[in-house]
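Heads up, the thing below is written out as structure tokens.
Nothing in this text is a laboratory measurement; each read-out follows from the coordinates by a stated rule. Owing to the predicted nature of the structure, the values given are computational and were not obtained by experimental measurement. In this analysis, Cβ positions are derived from the backbone assuming ideal geometry, glycine residues included, and neighbour counts consider all displayed protein chains.
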Amino acid sequence: MSKFVLIDGHSILNRAFYGVPIFTNSEGLHTNAVFGFLNIMFKIIDSKQPDYMAVAFDVHQPTFRHEMFKDYKGTRKPMMEELREQVPVIKELLQKMNITTVELPGYEADDVIGTLSKKGEKAGMEVDVISGDRDLLQLASDHITICIPKTKKGQTTVEEYNTEGVRKLYKVTPTEFIDVKALMGDSSDNIPGVPGIGEKGATAIISQFGSIENAYDHADEISNTRNRNALLNNYEMAQMSKTLATINIQSPVEVTPEQCKLEDIYTEDALEMIKRLEFKSMIQRFGSVTSTNDCEGGFKYINNPFDADPIFEQAKNAENVGIFIYRNKDNFGVSLCFNNGNVYYIGKEGFVTEDYIIEKVRDLVNAKAKLTILNIKENNDILGNDDVESIFDISIAAYLLNPLQNTYDYDDIAREYLGMNVPAFDEIFPKTKKSETPSDEIPENILKYACYNAYVAYKAKDALTEKLKETEMLDIYNNVEIPLTYALYDMEQAGIMVAGDKLKEYGERLKTGIDALEKDIYAEAGHEFNINSPKQLGEILFGEMQLPGGKKTKTGYSTSASVLEKLEPDYPFVSKILEYRQLAKLKSTYADGLAVYIGKDNRIHGKFNQTITATGRISSTEPNLQNIPVRMPLGREIRKVFIPKEGCVFIDADYSQIELRILAHMSDDKNLIDAYNHSKDIHAATASLVFHVPLEEVTKEQRSNAKAVNFGIVYGISSFGLSNDLSISRKEAEQYIKDYFISYPGIKNYLDNSVKKAKEKGYSVTMFGRRRPIPELTSGNFMQRQFGERVAMNSPIQGSAADIMKIAMINVAKELKEKDLKSKIVLQVHDELLIEAYENEVEQVKDILKRNMEQAAHLNVPLDVDVQVGNNWDEAH
DNA sequence: ACGCTCACG
DNA sequence: ACGTACGTGAGCGTC
């Protein structure tokens, strides 16, 4: 079936304008919105592969009534000049790309889209409408999908709605959605709506009656009196709103869907213009015009040493060698791409054995060949390297440049930094899991996959290096992230020993407890049910048993611990559920969950990921060793099964309040710095200042409240969050915060400045120059923007702490190696390092840990590290 | 695939 | 008027 894509021009341009930092070309022409628009459009063309396409624009340039810009429609605040000047540019470019643009005097773009989409559907096309606006949802049908690109954490994801999608979200059909909108109104579209009826009321009424008219005729059946009266008193207003809200699907558009046939869009004219706009990363898309693709077809399969040897030799002296190591259970090979433009895949076959390939790769490493690879850590078993100078890691570079991406595969990097669309793993190996490419895989596919990987690595190195320089992150790349990769590799290799039999026993103990609780709970409830199902549990507690505390989540009742804890005093039976939950969690996630990862060496070799978090922390998976219980005694028991090997002990070192100390340093607040220099107990000192009591008279409660405030500050305080945490009123929480900022004026100043700077630049920065983009700061949504502000306050602090720990780890690992000690880092838990230390090395290791961790950074307050020794993780912590 | 819940810093 | 503390990962149930 043919695919017809319709783009809401102004809406997408507007989104692009706010989603892309403002910039100009060297002529001074603003181009950011055009750039963003093209990115979105290319993404759509790649993913939807449309046969037909058109872009609709509103005819009238917006009129300007107010100083401040709000949105692109003329009825509202005016469009910013920087955006307005880009409208003709994108139109011209689209024309040069032979893409149909449509505008109709007297009608809105919505009407054009509505009309064309329905015509397309009638002609048997599959229609996709691309818009940032929810208004268009009324057009959805079984063959018309409304696609709304969303920027989530800097990533654009697309929400798609057909009839079913709209029904799921709003509980009404797309046509009924018009009535919903008419009732609730939309200030941004100048639809008045019915005063007193909001989104909730509107959906309730329309899902019951189907239309405003029908609801009016049966007004006596509207159960909510407020809604009923609102409708009765404003019926005319509602009808007028409906007219305004309805998109005209019979506007006199002249072009037919068939005339929107998508021809070659990568024309000479368009390329010319792309060059003038200076969208360098997009030039490659027009490759077919300028030159043939310099990579595809240049893939060469090599299966004998006579051909392979000289290739490895050439690679030794090349300026840059993209390399990829392919392996699955039966295949093995290495692909290389360097100066001469060819990409070679040397695969295991005949005389080319696995050992031969490994030896040749090691030769390259030892010869200090300038290798570029997607991921050093995953390949270091073969690279066998700890020379941090010679190998470039493109995934780590890409992560530093934008830590918000979900993946850093070669295809992502090609798209982002080379403006190229290369086939991804899933496209080359359809419906195959990455970990297990089948042994009978077609050799051409392996060749293609391996060569694209090496090619992208080769190509991307310079682009990434350049960007790292531009963003002043080359230093943190070279001196923190890359050395860390090797430290993490060693840590993963080391693994941690776990007493499997003890873990099993622990699980059995939990099982006994769970069974008993289960019986009690069934007895109280009167029948059996799945306690693990929040849905069933909610229905039983709040439905059948009629406990107070109504709905909270979208899907039903909330049964979270915080809700249940409030019920506990009045309904002791609820504690059984809480206790059950606790035991069930411990059993499934930890007792049973960890057991499957214990290897033949009695150790767990978890993964420590370096390209996941937004702030720069590392993350832990398969299993997660960074969330092993510690707060509750029963959970803490698990830590006793983590043990050092024979002849070793554990040494645990953790930073004391590193984030607050960083806050003291970065804010340069005199009082907080003084508090750290004079008091051991920072929370008590804070309590004393905030509550105006002498230090000695601070009560336990005051101290713990002050502690909560301290945490809150680091998280980007909000009165709501604090009030929730402390179970106090928002008013009280507000007062606490006020008093806190009076006590520490430097902190207030610093946090305000963090937000201000982040808004100016679009990202926040740590002490060591690590950046985190915060796209939420420019969101039109108040809540999102507030989230962005909290992130702007928290990220530099959390991120700097992460940087410091990374530096410490590198230095600890380095000194252990230099001194030829056999002790090894086995775990990192954000502010804690666990070392498996040989008994005769204990004193030395303690010193190495404390010294390197405390000296990892020089702040204007001391960094304090607690070091403890024990025979299991619990004892050492 | 996604939401809920809960474990950690 | 609205719904929030920051950063993660895993297991489970539900769709």
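Please compute the net charge surrounding A:Ala687, taking Lys and Arg as +1 and Asp and Glu as -1 over other residues with Cβ under 13 Å from its Cβ. Provide the component values of the computation, followed by the final result.
On the way: positive: A:Lys700, A:Arg703, A:Lys707; negative: A:Asp681, A:Glu696, A:Glu697, A:Glu701, A:Asp739.
Value of the local net charge: -2.
Tell me the mean residue ellipticity at 222 nm calculated for chain A from its helices only (DSSP H runs of n ≥ 4, each -39500 (n - 2.57), averaged over every residue, nearest 500). Display every interim value, and only then the final one.
On the way: 37 runs with 413 residues, N = 877.
The helix-only estimate for chain A comes to -14500 deg cm²/dmol at 222 nm.
For the stretch A:769-877, take every pair of Cα atoms, bin their distances at 10 Å starting from 0, and report each bin as a whole percent.
That works out to 13, 36, 24, 16, 9, 2, 0, in percent per bin.
How large is the Kirkwood hydrodynamic radius of the stretch A:708-763, counting all unique pairs of alpha carbons, in Å? Display every interim value, and only then the final one.
Working: mean 1/r = 0.0849 Å⁻¹.
For the stretch A:708-763, the Kirkwood estimate is 11.8 Å.
Give, as a single signed number, the net charge of other residues whose beta carbon lies under 9 Å from the beta carbon of A:Asp393, with Lys and Arg counted +1 and Asp and Glu -1.
Working: positive: A:Lys377; negative: A:Glu481.
Net charge around A:Asp393: 0.
What three numbers, in Å, describe the spread of the alpha carbons of the stretch A:659-795 along their principal axes, ordered from the longest?
In descending order, the Cα extents are 46, 34, 18 Å.
Can you return the lysines within cross-link range of A:Lys680? Criterion is Cα-Cα under 26 Å, with same-chain partners fewer than 8 residues away left out.
Filter leaves A:Lys670, A:Lys700, A:Lys707, A:Lys738, A:Lys748, A:Lys806, A:Lys846, A:Lys850.
At each listed q (0.07, 0.08 Å⁻¹), what is the log10 of I(q)/I(0) that the Debye formula gives for chain A modelled as equal alpha-carbon point scatterers?
At q = 0.07, 0.08 Å⁻¹ the computed log10 ratios are -0.74, -0.97.
Return A:His665, A:His10, A:His218 ranked ascending by Cβ neighbour count within 10 Å, so the fewest neighbours appear first. Each step should come with its number before you reach the end.
Details: A:His665 21, A:His10 26, A:His218 11.
Arranged by neighbour count, lowest to highest, A:His665, A:His10, A:His218 become A:His218, A:His665, A:His10.
Order by neighbour count: A:Ser533, A:Ser281, A:Ser800, fewest other Cβ atoms within 10 Å first, most last.
On the way: A:Ser533 12, A:Ser281 16, A:Ser800 26.
Least to most surrounded, the residues fall as A:Ser533, A:Ser281, A:Ser800.
Which distance in Å, rounded to a whole number, links the C-alpha centroids of the stretch A:550-570 and the stretch A:806-877?
Here the answer is 43 Å between Cα centres.
Quick one: Cα centre-to-centre distance for the stretch A:440-488 and the stretch A:215-234, in angstrom?
For the stretch A:440-488 versus the stretch A:215-234, the Cα centre distance is 63 Å.
Per-residue HN-Hα couplings for the stretch A:454-470, Karplus 6.51 cos²θ - 1.76 cosθ + 1.60 at θ = phi - 60°, whole Hz, x for Gly and Pro?
After applying 6.51 cos²θ - 1.76 cosθ + 1.60, I find 5, 4, 5, 4, 4, 5, 7, 3, 5, 4, 5, 4, 4, 5, 5, 5, 3 Hz.
Give me the three principal axis extents of the stretch A:172-246 from the C-alpha atoms, as integers in angstrom, largest value leading.
The principal-axis extents, from largest down, are 30, 24, 19 Å.
Reachable lysines from A:Lys535, Cα under 27 Å, same-chain residues fewer than 8 places away excluded?
Candidates past the 8-residue exclusion: A:Lys168, A:Lys171, A:Lys200, A:Lys511, A:Lys519, A:Lys551, A:Lys552, A:Lys554, A:Lys566, A:Lys576, A:Lys585, A:Lys587.
Around A:Lys360, with a cut-off of 13 angstrom between Cβ atoms, what is the net charge of the other residues, counting Lys and Arg +1 and Asp and Glu -1? Please report the intermediate quantities before stating the final value.
On the way: positive: A:Lys316, A:Lys348, A:Arg362; negative: A:Asp307, A:Asp309, A:Glu313, A:Glu354, A:Asp355, A:Glu359, A:Asp363.
Every neighbour counted, the sum reads -4.
Find how many whole Å separate the alpha carbon centroid of the stretch A:612-646 from the alpha carbon centroid of the stretch A:574-594.
Taking the Cα centre of each part, the stretch A:574-594 and the stretch A:612-646 sit 16 Å apart.
Under 17 Å Cα-Cα from A:Lys91, which lysines qualify once same-chain neighbours fewer than 8 residues away are excluded?
A:Lys275
Which of A:Val563, A:Val194 comes first, and how do the rest follow, when ranked by fewest Cβ neighbours within 10 Å? List each step's numbers first, then the result.
Numbers: A:Val563 17, A:Val194 24.
Placing the least packed residue first, the sequence is A:Val563, A:Val194.
Quick one: give the max-minus-min coordinate of the C-alpha atoms of the stretch A:292-462 along each principal axis, largest first, in Å.
44, 38, 35
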